[in-house]
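Written out below as structure tokens is the structure these notes cover.
The values are calculated or read from the model by the stated rules, or taken from the named source; none is laboratory data. Keep in mind the model is a prediction, meaning the values are calculated, not measured. Using ideal geometry, Cβ is built from the backbone for each residue, glycine included, and neighbour counts are taken over all protein chains shown.
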Amino acid sequence: MYFLQAPQLLELEPFTRLPDALRRRQPSAWADANRGGQPTDSFLEGPVFDDAGHLYVADIPFGRIFRIDPAGAWSLIAEYDGEPNGMKFVDAHTLLVADYRNGLVRIDMRNGQVTPWLERRNSERFRGVNDLVLDAEGSIYFTDQGQSGLHDPSGRLYRLRPDGRLDLLLSNVPSPNGVALSPDGRVLYLAATRGNCVWRVPLMPDGSVAKVGQFFTSYGPSGPDGLAVDSEGRLLVANPGLGLVWVLNGRAEPVVVLRGPVGASTTNLAFGGPDRRTVYVTDSTHGQVLRYTLDVPGLALHRAPAPPPH
């Protein structure tokens, strides 16, 4: 008989917080729609590291991208009319951003210039893109969440191929959010936030998906958000409603639980540090970044550049 062992419970540690001088205590259209109109001075998301060890985070309500150096100092890299969320580097100088208002946009890290990458599909605007991941072939998988949920399970998962072809892989997801790939690239994990679960999406050799299933079930007021995978294939799941990060084995059993401070909203995460064993987590409620060093390094992210679609 098999008995599930209790997971190891660890406390996330503060790394750095958004300085007061960079906080904007003012109304925003994003706060009107997502925070009941309550002024929100920031909402951090989309953590990602560059090759030099700098951490980048997005501030959704005010269209800002920040760079954080290894000592925890902040600098503003870009500010534009958008709502940036998930981010990944496609090469050393180009940050690709899933922007709720503008689709996929790219930011030149050398000068902060923001330009469109993919604004719409077949002349139709996206509902509101959320997060993205690249595979070894240069394809970009991204989620189009909008305001979907259990009341309207019509969120989408897309794949943008290097030749510009755009494949609609799923169109029935209740709030598709974070995405991550298995080490062999044959399985995509997809956070369905309002379904309070993570889907397992097998990627077939012919480019289709099949036998999509529910891999992990959570609970609480807000379900899984950002995802990451470590080098052993374990899935890390940021759960903002609980202020936790689950570390799941191949059977979707929690083996480690990282807990944020009281009231934390652990929205997304990225591996960093010299050996890539430190997990950095955005705590969007408090406008800060938390971290914890695990025993297994994160899976290296692909940066095969994809040309902009025509």
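Taken over segment 16-41, residues that are over 14 Å from Phe66 (Cα atoms) and touching a Leu at 6+ places or on another chain (Cβ under 9 Å) amount to 1.
Here is the figure for segment 274-285: residues that are buried (at least 17 other Cβ atoms within 10 Å of the Cβ) and either of a type in the set (D, E, K, R) or more than 15 Å from Asn239 (Cα to Cα) (or both) total 4.
Screening Tyr80, Tyr100, Tyr141 for residues that are of a type outside the set (Asp, Glu) and out of contact with any Phe, Trp or Tyr (no Cβ under 9 Å at 6 or more places or on another chain) leaves exactly one candidate, Tyr80. Out of Val289, Val281, one residue alone is of a type outside the set (Ser, Thr, Tyr), within 18 Å of Ala52 (Cβ to Cβ) and at pLDDT 95 or above. It is Val289. Note on segment 160-183: residues that are within 16 Å of the chain's Cα centre (by Cα) and not small (Gly, Ala, Ser) amount to 4. Could you list, in sequence order, the residues of segment 130-145 that are among the charged types (D, E, K, R) and part of a strand (DSSP E or B)? Asp131, Asp144 - these are the residues of segment 130-145 that are among the charged types (D, E, K, R) and part of a strand (DSSP E or B). Taking (1) under 15 Å from the mean Cα position of the chain (by Cα); (2) farther than 17 Å from Leu181 by Cβ; (3) at pLDDT below 95 in turn, Leu301 satisfies each apart from (2).
Of everything in segment 1-35 that is at pLDDT below 85 and more than 23 Å from the chain's Cα centre (by Cα), the residue that is farthest from Thr266 (Cα to Cα) is Met1. Among the candidates Arg234, Arg186, Arg259, the residue that is among the charged types (D, E, K, R), under 19 Å from the mean Cα position of the chain (by Cα) and closer than 24 Å to Ser139 by Cα is uniquely Arg234. So which residues in segment 19-39 are surrounded by 15 or more Cβ atoms within 10 Å (Cβ to Cβ), out of contact with any Asp or Glu (no Cβ under 8 Å at 6 or more places or on another chain) and in contact (Cβ under 8 Å) with a residue 40 or more places away in the chain? Within segment 19-39, Leu22 is the sole residue that qualifies.
Looking only at residues of segment 126-150 that are of a type in the set (Asp, Glu) and buried (at least 24 other Cβ atoms within 10 Å of the Cβ), we find that the one that is nearest to the chain's Cα centre (by Cα) is Asp131.
Of the residues making up segment 146-165, those that are over 21 Å from Asp135 (Cα atoms) and assigned to a loop (DSSP other than H, G, I, E, B) number 7. Close Cβ contacts (under 8 Å, 6 or more residues apart or on different chains) running from residues in segment 293-309 that are surrounded by fewer than 18 Cβ atoms within 10 Å (Cβ to Cβ) and acidic (Asp, Glu) to residues that are modelled with pLDDT of 90 or more and assigned to a loop (DSSP other than H, G, I, E, B) comprise Asp295/Arg277. With respect to Gly86, is the statement that it is touching a residue at least 60 places away in the same chain (Cβ under 8 Å), under 23 Å from Gln288 (Cβ atoms) and surrounded by fewer than 21 Cβ atoms within 10 Å (Cβ to Cβ) true? Criteria not met by Gly86.
Contact map, segment 218-242: residues that are touching a residue at least 24 places away in the same chain (Cβ under 8 Å) and of a type in the set (Lys, Arg) paired with residues that are surrounded by fewer than 24 Cβ atoms within 10 Å (Cβ to Cβ) and assigned to a loop (DSSP other than H, G, I, E, B), Cβ distance under 8 Å, separation 6+ or inter-chain. Pairs shown: Arg234/Asn249; Arg234/Gly250; Arg234/Val296. Residue pairs whose Cβ atoms lie under 6 Å apart, separated by 6 or more positions or on different chains, with the first residue in segment 40-57 and under 13 Å from Val279 (Cα atoms) and the second charged (D, E, K, R) and modelled with pLDDT of 95 or more, are Val48/Lys88.
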